Amino acid sequence: MGSHLLLRAPPPAHMIRKDPVLEAYQQEITYVFHALRWLGARPDEVEDLAQEVFIALRRSWPHYDSSRPLRPYLFGVAFRVVSMQRRKRKRELAFASLEIRDGGAGPDEVLQAKQARATVMRALERVPLRRRAVLVMHDLEEVPTADVAAALSIPLFTAYSRLRKARKELEAALRRIAQEVHRP
Amino acid sequence: MKTPPPLSPELEAALAPHRTVLRLSPAVEARAMARAAAATESLESYAVVRAPHRPQWVFAMAAGLVLALGAAAYAARGWVGLSSSPPPAHVAPSAAPRAATPRPPAAVPAMPEPDAPATIAPAATPHAKRSAGRTTATGIPTNEELHLLRAARQDVTRGDFARALAVIGEHARRFRNGSLVEEREALRVKALAGLGRRDDAQRAAAQFRARFPHSVFLSTFDRMKETER
């Protein structure tokens, strides 16, 4: 197993050629993974999806306005990638597909933080993707509504209405999960 | 400008702890960057064949890359692209659930696998939609695209590889980023190998491997290599 991993080890950082898209991706790669997870990507698929985000980013790079912040744009790309993946396997999608993997051991605070995060993720899974994207961008990433609308290519009014509805759905989902936890 | 009302205390309490971006493990980051770098190489060399509107420096850069690849292939004099050691684009198994896909049937299937990766259409922005031309952003191939690819596949099956290559070229011209890119490029490798153009086949296979590291067609290429030995 060890030698297998060695054979497949990635090249050293200095061997990665200079390229503006590659550099931008490298700078924001943590964010890309983060956005994909909030959009509902499972841990076992997030790396493949990140690669698809990169390829889509490469293709759309000429249209990116570099005077605007990159993260909302990246989020828009990630949203499209996840949407396409969801369409591909529409019937397989189960809302409760997210696993809570807390690993057991660890200090109480870390465990609690992980559980809290998992609870929010489970609740978000119950918000349809199009509305979830708006809510995550606005209420978690704190991106202004106008930028949310631009990144997702939707009218501003649509962004407002999706946000309003998504908040209601998230609140309801959190309440339901709390009830499920406390039910004997 | 109008702003949405503030979050309810309940939602604020739930979301506030999660506003920080968690750090990625260095191993995962390195793996993802290696894949991205490999895809960059692949896509650039791929663009050489058909991109008449690109500026000249792109041609120069891509031509340099092709020459370098050719020189490397000559130096290696072997099945460089199809050898058992994969290019750096290949991710570690833990990150690639698709790597364990079953072996495909002997003939190249007519349609790509439903979960075939890296066929995202470049519709990342509203502007991108405009420039995407005849690409199928929905991921569903048009009848015309299917028809062309079917013809190419039949040519390959019949052994008419030269004609297949012509049809593949036509498909590449008309459906540059169509839904069946993966299938088309797999057929290209087969057609080139069928014509005895080993170096070209190896190059195409290496590019294919970098672009579609989890493709089910890769095992077909490996079998082709074994058959030839």
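The values are calculated or read from the model by the stated rules, or taken from the named source; none is laboratory data. Predicted, not measured: the structure shown is a model, and the values here were computed from it. As a convention, Cβ positions derive from the backbone with ideal geometry for all residues, glycine included, and neighbour counts pool all protein chains shown. Accessible surface areas use protein heavy atoms only, side chains included; no ligands, DNA or RNA. Shrake-Rupley method; radii C 1.70, N 1.55, O 1.52, S 1.80 Å.
Details
- Residues in segment A:51-67 that are part of a loop (DSSP other than H, G, I, E, B) and either more than 8 Å from chain B (Cβ to nearest Cβ) or aliphatic (A, V, I, L, M) (or both) were compared, and the one that is least open to solvent (accessible area, probe 1.4 Å) is A:65.
- Of all the criteria given as (1) within 7 Å of another protein chain (Cβ to nearest Cβ); (2) in a helix (DSSP H, G or I), the one not satisfied by residue A:75 is (1).
- Among the residues of segment B:118-160, those identified as at pLDDT 55 or above and surrounded by 19 or more Cβ atoms within 10 Å (Cβ to Cβ) are B:141, B:145, B:148, B:149, B:152, B:153, B:155, B:156.
- Residue satisfying condition, being more than 13 Å from the chain's Cα centre (by Cα) and at pLDDT 90 or above, within set A:57, A:6, A:93: A:57
- Looking only at segment A:14-44, residues that are touching a residue at least 24 places away in the same chain (Cβ under 8 Å) and among the acidic types (Asp, Glu) come to 1 in all.
- Residue in segment A:97-106 that is modelled with pLDDT under 50, assigned to a helix (DSSP H, G or I) and either more than 9 Å from chain B (Cβ to nearest Cβ) or buried (at least 17 other Cβ atoms within 10 Å of the Cβ) (or both) present: yes
- Those residues of segment B:18-51 which are surrounded by fewer than 20 Cβ atoms within 10 Å (Cβ to Cβ), part of a helix (DSSP H, G or I), more than 7 Å from chain A (Cβ to nearest Cβ) and at pLDDT below 80, in sequence order: B:44, B:47
- Sole residue being aliphatic (A, V, I, L, M) and away from chain B (no Cβ under 12 Å), chosen from A:146, A:150, A:173, A:133: A:133
- Any hit, segment A:165-180, residues being surrounded by fewer than 22 Cβ atoms within 10 Å (Cβ to Cβ) and within 23 Å of residue A:69 (Cβ to Cβ): no
- Top-ranked residue in segment B:191-223 [being more than 28 Å from residue A:49 (Cβ to Cβ) and surrounded by 18 or more Cβ atoms within 10 Å (Cβ to Cβ); ranked as farthest from the other protein chains (Cβ to nearest Cβ)]: B:194
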